[in-house]
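Structure first, then comments.
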Amino acid sequence: MGEPSKRSAILAVASHLFAEKGYSNTTTAEIAQEAGVAEGTLYHHFGSKDGIFLTIFDEMVEEYLAGAERLAGDGKTGAETLSGLIRFHFEYLERNKTRFLVILRDFPNHLAVGNDGRSAESRNRFSRMTDILSRGLTQGFQDGTLRPSFPVRDTAALLRGILYGTTRHSMLGIIDVPLSRLSRMVEGYCLQALSPGGGAGGKRGKGGKK
């Protein structure tokens, strides 16, 4: 097994074990044994169990953002772009349920607290998704297919929160709605709320103003 294959095997096995047993109950020895590699190989590639977890997180988020950024310019109208982004969000997470559940449920507190560099990186990633949604909203405002009642970036941040919040609640079992149906519900609600003349919020604020 070549080094890239060993690396991939470690990540795949770790994702499975973290999802099955939890991060804190999984050891590097177990990961190495199931991946068919020496424990030293695991440390060579990732440095620690934390390193494995952060690699799973980083690769998933970057893959997600890259996919969303590719889609952002595909829609003929802003409404089409927004629909595509919402569908992509739920389809991507449906395909990556195991990795996403691990991140939702088991992100180690010591990796999230007191690490200013990682906190800044996380804020930048959230900002990138807000930028992507903002472009779709601006496109829709300009072509007349969307009419946000509030400033574009504020609306984009709200949409981002709706996407992440509904996904989290579904995957953690807080709401009993599968991702496939949730995707249709969120898409329909958002398009109705942002449609010209049909949006929630009436005439408050100035739509399209960044």
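Derivation of every value follows stated rules applied to the coordinates shown; laboratory data play no part. Being a predicted model, the structure only gives us computed values, none of them experimental. Positions of Cβ are backbone-derived with ideal geometry, glycine not excepted, and every protein chain shown enters the neighbour counts.
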Exercise for the section: Within the stretch 24-117, list the trypsin sites (Lys or Arg not before Pro) lying in a DSSP loop whose Cβ has at most 16 other Cβ atoms in a 10 Å radius. Expected result: LYS76
Handout entry: Within the chain: Cβ-based charge dipole about Cα centre, in debye rounded to nearest 20 (Lys, Arg +1; Asp, Glu -1)
Key = 1080
Handout entry: Computed Rg/Rh of the stretch 20-105, alpha carbon atoms with Kirkwood Rh
Key = 1.14
Exercise for the section: Would you order VAL102, VAL186 from fewest to most other beta-carbon atoms within 10 Å of each residue's own beta-carbon? Expected result: VAL186, VAL102
Exercise for the section: Quote to one decimal, in nm, the extra length available between GLU62 and ARG87 on full extension: 0.36 nm per residue of separation minus the C-alpha distance between them. Expected result: 7.2 nm
Practice task
Please list the radius of gyration and Dmax for the chain, considering alpha-carbon atoms only, with Å as the unit.
Solution key: 19.7, 63
Problem - Test item: Cα-centred dipole of the stretch 1-47, Lys/Arg +1 and Asp/Glu -1 on Cβ, debye - result: 100
